[in-house]
Amino acid sequence: MRILITGGAGFIGSALTRRLIQHADHEVLVFDKLTYAGVLSSLEPVSTSNRYGFVQADVCDAEAVSAALEAFQPDVVAHLAAESHVDRSIDGPGAFIQTNLVGTFTMLQQALGYWRGLSEARRHAFRFHHISTDEVFGSLGEDGFFTETTAYDPRSPYSASKAGSDHLVRAWGHTYGLPVLVTNCSNNYGPYHFPEKLIPLIIIRALKGEPLPVYGDGSNVRDWLYVDDHARALQAVFERGEPGQTYNVGGDAERKNLDVVRTICGLLDQRRPRPDGRPYAEQITFVTDRPGHDHRYAIDASKLKRELGWAPSVTFEEGIARTVDWYLDNAGWWQDILDKRYATQRLGVA
Ligand code: NAD
Ligand code: TDX
């Protein structure tokens with residue numbers, strides 16, 4: 001199959017691209033604007049493959065989208081390009097409205113024109129797969145899980161923009177017959193995760209001897225999924241999922257933020273003890289909470305498991321150990337990112 005992946009230079013898009021090239025025989029065209037979050041070196045492992053191509057362009061640019069579709073002739077569009085960081089959406093929501101809403105609208109319009117021009121057999125086989133988040137469902141109390149039928153209740157500019165994009169995708173499916181798929185996934189983690197997100201931020205700041213910022217009292221809960229398991233789920237959905245359907249993806253790994261941070265500190269204590277021999281947990285600092293901070297997310301992924309036979313292959317304990325090891329072994333990847341303008345402003349590390 002030929003897969004056009006928007007946002008393929010990001011954390012999840014690059015994991016999906018690496019998977020489809022290294023563990024399958026698909027052809028991939030990455031379509032990515034290379035915003036601050038786009039990291040080309042995450043695609044280095046596949047960059048010499050003759051089944052990989054790259055276009056630097058904006059999903060809001062209708063002509064560029066149309067040209068890529070016509071030239072590459074994809075069987076699947078996997079739409080991951082988005083502004084993804086909740087804190088940034090609070091500080092500056094405009095880019096989230098533009099990329100997540102206008103960008104998704106542009107992708108849908110161009111995909112629809114392309115799809116209508118395909119032969120009947122290819123039109124039947126085509127999929128527009130929209131990759132979304134569990135944050136569209138809002139915040140849970142201590143009990144319960146999000147299912148595919150949970151009512152939408154987004155509460156941050158980021159999740160509201162993703163919720164709107166999900167609605168657009170379903171509308172293009174219902175109204176125009178475009179064969180769409182939507183997946184809503186919980187928090188991903190793993191190698192090549194951009195250093196502004198909780199897990200890499202804690203690893204890197206710990207190693208640099210910086211305070212480890214925990215928002216509020218650290219009791220907020222996230223359901224963590226190893227990124228390669230998400231990539232496997234996405235592949236299963238676009239290869240075998242039923243058009244028009246939504247599938248929730250989750251890791252069955254709910255953890256309080258403070259426990260995640262303590263786990264990372266414990267792993268670093270074993271692998272790279274502090275020069276003074278003291279525990280990394282001493283660096284934990286409770287800081288002002290995120291405005292509107294959702295308390296708990298938890299996904300019920302039983303539909304995906306039942307219908308497509310997917311399940312997470314990595315426990316949180318295995319995945320977080322692998323992740324810490326990867327950041328220890330690949331300091332060049334993240335130091336390169338920190339050396340660019342962005343890092344010193346937001347992460348407060350040199
Ligand atoms: P990311 O921020 O790491 O990567 C986003 C990528 O999109 C970057 O390569 C960036 O350059 C590109 N991009 C941004 N704006 C663009 C534009 N206008 N045109 C073209 N490219 C653009 O994000 P991620 O964590 O890999 O998330 C990917 C997708 O998965 C997003 O849609 C996100 O909402 C969704 N998602 C993420 C998670 C998570 O835990 N990270 C969980 C569930 C769903
Ligand atoms: O410094 C921090 N301290 C802290 O306590 C940061 C950056 C975060 N946190 C908390 C906030 C969250 O409860 O940790 C949790 C995880 O935060 P993020 O890594 O910013 O992720 P989150 O806000 O949960 O959103 C992520 O998962 C869902 C992705 O960024 C989204 O794109 C995805 O949709």
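Look at the stretch 87-100 and say how many of its residues are within 11 Å of ligand 1 (Cβ to nearest atom) and surrounded by fewer than 21 Cβ atoms within 10 Å (Cβ to Cβ). Break it down stepwise before answering.
Our first condition is that a residue be within 11 Å of ligand 1 (Cβ to nearest atom); within the stretch 87-100, this holds for 88-89, 95-96, 98-100.
Now narrow it down to the ones that are surrounded by fewer than 21 Cβ atoms within 10 Å (Cβ to Cβ): 88, 95, 98.
Summing the residues that are within 11 Å of ligand 1 (Cβ to nearest atom) and surrounded by fewer than 21 Cβ atoms within 10 Å (Cβ to Cβ) in the stretch 87-100 gives 3.
Looking for whichever is touching a residue at least 60 places away in the same chain (Cβ under 8 Å) and either within 16 Å of ligand 2 (Cβ to nearest atom) or not charged (D, E, K, R) (or both) here; the options are Gly190, Gly177. Which one fits?
Gly190
What helices (runs of 4 or more DSSP H), lying completely within the stretch 1-118, carry at least 1 residues that are of a type outside the set (Ser, Thr, Tyr) and away from ligand 2 (no atom under 15 Å from the Cβ)?
In the stretch 1-118, 11-22, 62-72, 103-116 are the helices (runs of 4 or more DSSP H) which contain 1 or more residues that are of a type outside the set (Ser, Thr, Tyr) and away from ligand 2 (no atom under 15 Å from the Cβ).
Here's the yes/no breakdown for (1) within 15 Å of ligand 2 (Cβ to nearest atom); (2) at pLDDT below 95; (3) in contact with a strand residue (DSSP E or B) (Cβ under 7 Å, 6 or more places away or on another chain):
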| residue | (1), (2), (3) |
| --- | --- |
| Gly218 | yes, no, yes |
| Pro243 | no, no, yes |
| Gly250 | yes, no, yes |
| Ala253 | yes, no, yes |
| Arg262 | yes, no, no |
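All but one of (1) within 16 Å of ligand 1 (Cβ to nearest atom); (2) surrounded by 18 or more Cβ atoms within 10 Å (Cβ to Cβ); (3) of a type outside the set (Val, Ile, Thr); (4) farther than 18 Å from His85 by Cα hold for Trp172; which doesn't?
(1)
Does any residue of the stretch 295-311 turn out to be within 16 Å of ligand 2 (Cβ to nearest atom), free of Cβ contacts under 8 Å to residues at least 24 places away in the same chain and more than 22 Å from the chain's Cα centre (by Cα)? Walk me through it before giving the result.
First pass over the stretch 295-311, keeping only residues within 16 Å of ligand 2 (Cβ to nearest atom): 295-299, 301.
After this cut, where a residue has to be free of Cβ contacts under 8 Å to residues at least 24 places away in the same chain as well, the list is none.
No - not one qualifying residue is present in the stretch 295-311.
The values are calculated or read from the model by the stated rules, or taken from the named source; none is laboratory data. Just so it is clear, the model here is predicted, and its values are computed rather than measured. Don't worry about glycine lacking a Cβ; one is built from the backbone with ideal geometry, like all the others, and counts go over all protein chains shown.
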